[in-house]
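Below: the structure, in structure tokens.
The values are calculated or read from the model by the stated rules, or taken from the named source; none is laboratory data. Predicted model, so just to flag it, every value in this text is computed and none were measured. Positions of Cβ are backbone-derived with ideal geometry, glycine not excepted, and every protein chain shown enters the neighbour counts. SASA here: full protein model, heavy atoms, side chains in, ligands and nucleic acids out. Shrake-Rupley method; radii C 1.70, N 1.55, O 1.52, S 1.80 Å.
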Amino acid sequence: QVQLVESGGGLVQAGGSRRLSCAASGSIASISSMGWYRQAPGKQRELVAAITSSRSTNYADSVKGRFTISRDNARNTVYLQMNSLKPEDTAVYYCNTVVYGVNYWGKGTLVTVSS
């Protein structure tokens, strides 16, 4: 079992920045890759960024150059630094990992970007 808890969401003005955190607990030794997803109202959940155990990263085209994913293995935490935020970044952001074929999700944290 893995538990994921996101934090850092809130209201931010367009052009601003926000850093999200995801703390993992439980069977964390089994965690390899971790990712951030988001779901905007009326839209499907989409991958925003992912990072492997070797810190290889990939990003959605819509956030490349603006968002940065990182991880601190000592703190069992993954971060999403979001810069130059746009109103279309408004969504609930979820942390995710897959362990032995089982998908684990946090409850999400809401980011609202005002224009």
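Candidates in region 63-115 are the residues that are of a type in the set (Lys, Arg) and within 15 Å of the chain's Cα centre (by Cα); of these, the one that is farthest from Ala49 (Cα to Cα) is Lys107. Restricting region 65-83 to residues that are in a loop (DSSP other than H, G, I, E, B) and touching a strand residue (DSSP E or B) at 6+ places or on another chain (Cβ under 9 Å) leaves a set whose member that is surrounded by the most Cβ atoms within 10 Å (Cβ to Cβ) is Asn76. Restricting region 47-64 to residues that are open to solvent by less than 40 Å² (accessible area, probe 1.4 Å) and in a strand (DSSP E or B) leaves a set whose member that is nearest to Val111 (Cα to Cα) is Val48. Of all the residues in region 20-46, those that are open to solvent by 60 Å² or more (accessible area, probe 1.4 Å) and either within 16 Å of Asn76 (Cα to Cα) or part of a loop (DSSP other than H, G, I, E, B) (or both) number 6. The numbered conditions (1) at pLDDT 95 or above; (2) farther than 23 Å from Ser114 by Cα are all true for Arg45 except (2). If the condition is being hydrophobic (A, V, I, L, M, F, W, C) and either open to solvent by 60 Å² or more (accessible area, probe 1.4 Å) or at pLDDT below 95 (or both), then region 84-115 contributes Val98, Val99, Val102, Trp105, Leu110.
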